[in-house]
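Asks: Before anything else, here's the structure in question.
Bear in mind that the values in this text are calculations on the coordinates, not laboratory data. Owing to the predicted nature of the structure, the values given are computational and were not obtained by experimental measurement. Here Cβ is always computed from backbone atoms with ideal geometry, including for glycine, and neighbour counts include all displayed protein chains.
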Amino acid sequence: MGILTGEEGDPVALENSIARGPVILVCEHASRLLPKALGTLGLTEEALESHIAWDPGALAVARLMAESLDATLVFQRFSRLVYDCNRPPESPAAMPEKSEVFAVPGNAGLDQAARDARTEALYLPFRDRLSGLVKSRIAEGRAPVIVTMHSFTPVYFGKPRAVEIGILHDADTRLADAMLAAAGSAGPYDIRRNEPYGPEDGVTHTLKEHGLANGLANVMIEVRNDLIKDEAGQGVVAGYLTGLLEKSLPAIQ
């Protein structure tokens, strides 16, 4: 039996495919949905509702931004606990045995066949759909800008995080530099470069795979999830980030 049944649908969702704007928005951790074949991975409902299973609020913000920017949005429909699409197959973090304080019994001791099954069911379709979209835009003479959307927990291993929005980059700093310059130091949010994570934490896989590999400007945005826990907060943050991108994109053309 495969990881996904036919009735569970495509693991990858693509919205606003005919968008004319330059941005492709990506949300790797959009959902906490688990394939029926894997049950609950041995986790409690509390764990499955928490940040270890998904990035709460990230998809809602990405959708609002996609509408405002006339951008195509690509997202994974299943939980990062089954396969974290912001990690390559060889990374232990792609199918984590532990996430923050939670052990993940259903991921313990996976053999290569089990890892391959998840990779083939979830990661490869995601990678290939995004890669195909990027290549088609390049072929049309519309080289896109890759923007990945994430959220993070306000308290990690018991330690509060003061940063509210992180602007993350790998080797290509163009868009991150422009966004940080546009944000300035007197804005409404505590915005920092490469926080609460950075390239050394392995979080820039999508940027490298689809941005750097194609010479495309790219950035990863992290929002503290208490700021986007409801529609009002999601709208405010999406509007702010959209404005930052609109100010920043001309600077990298």
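Asks: Between rounded, prolate and oblate, where does segment 190-253 land on the alpha carbon gyration tensor, with a ≥ b ≥ c its root eigenvalues, rounded for a/c under 1.5, else prolate if a/b exceeds b/c?
Replies: Since a/c reaches 1.5 but b/c is at least a/b, the shape of segment 190-253 is classed as oblate.
Asks: Please give the charge dipole size of the chain, origin at the Cα centre, charges +1 on K and R Cβ atoms and -1 on D and E Cβ atoms. Round to the nearest 20 debye. It would help to have the intermediate numbers written out before the result.
Replies: Numbers: 24 positive and 34 negative charges, 89 e Å.
The dipole magnitude comes to about 420 debye.
Asks: Under 17 Å between alpha carbons, and skipping anything fewer than 8 positions from Lys36 in its own chain: which aspartates and glutamates qualify?
Replies: Once the sequence-local aspartates and glutamates are set aside, what remains near Lys36 is Glu7, Glu8, Asp10, Glu45, Glu49, Glu120.
Asks: Exceeding 26 Å between C-alpha atoms, which entries from my cross-link table qualify? They are Lys208/Lys229; Lys135/Lys208; Lys135/Lys229.
Replies: Lys208/Lys229; Lys135/Lys229
Asks: Over the alpha-carbon set of segment 27-171, work out the extent along each principal axis and list the three values in angstrom, largest first.
Replies: Projected onto the principal axes, the Cα atoms of segment 27-171 cover 47, 40, 30 Å.
Asks: For Ser131 paired with Ala108, estimate the spin-label separation in nm (one decimal), with each label point 7 Å from Cα along the Cα-to-Cβ line.
Replies: Between Ser131 and Ala108, the label points sit 3.5 nm apart.
Asks: Write down the percent of antiparallel bridges among all DSSP beta bridges whose residues are both part of segment 6-252, to the nearest 5.
Replies: On the way: 12 of 30 bridges.
Percent antiparallel among DSSP bridges in segment 6-252 is about 40.
Asks: Run the simple label-point estimate for Asp10 and Ala182 please: 7 Å along Cα→C-beta, distance reported in nm.
Replies: 2.9 nm
Asks: Give me the number: length gained by fully extending Glu90 to Ala171, i.e. 0.36 nm times residue separation minus the C-alpha to C-alpha distance, one decimal in nm.
Replies: Gain on extension, Glu90 to Ala171, equals 27.0 nm.
Asks: A follow-up question, please. With θ set to phi - 60° and the Karplus curve 6.51 cos²θ - 1.76 cosθ + 1.60, what are the ³J(HN,Hα) couplings of segment 33-43 in order, to the nearest whole Hz, using x for Gly and Pro?
Replies: 3J(HN,Hα) across segment 33-43, in whole Hz: 5, 10, x, 4, 5, 9, x, 9, 6, x, 9.
Asks: Still on this structure, please answer the following. What ranking of Ile3, Ile146 emerges when the number of other C-beta atoms within 10 Å of each C-beta is taken as an exposure proxy, fewest first?
Replies: Ile3, Ile146
Asks: So how far, in whole Å, is the C-alpha centre of segment 170-213 from the one of segment 63-130?
Replies: 21 Å
Asks: Can you list the residues of segment 82-110 with backbone N under 15 Å from a point 7 Å past the Cα of Phe157, pointing along Cα to Cβ?
Replies: 98-103
Asks: How big is segment 118-202 by Rg and Dmax over its Cα atoms, in Å?
Replies: Rg and Dmax of segment 118-202, Cα atoms, are 16.4, 49 Å.
Asks: For segment 19-33 and segment 223-253, compute the distance between their C-alpha centroids and round to whole Å.
Replies: When both Cα centres are located, 14 Å separates them.
Asks: Using +1 at the Cβ of each Lys and Arg and -1 at the Cβ of each Asp and Glu in segment 6-252, identify which of Thr44, Phe157, Leu122 lies farthest towards the dipole's positive end.
Replies: Leu122
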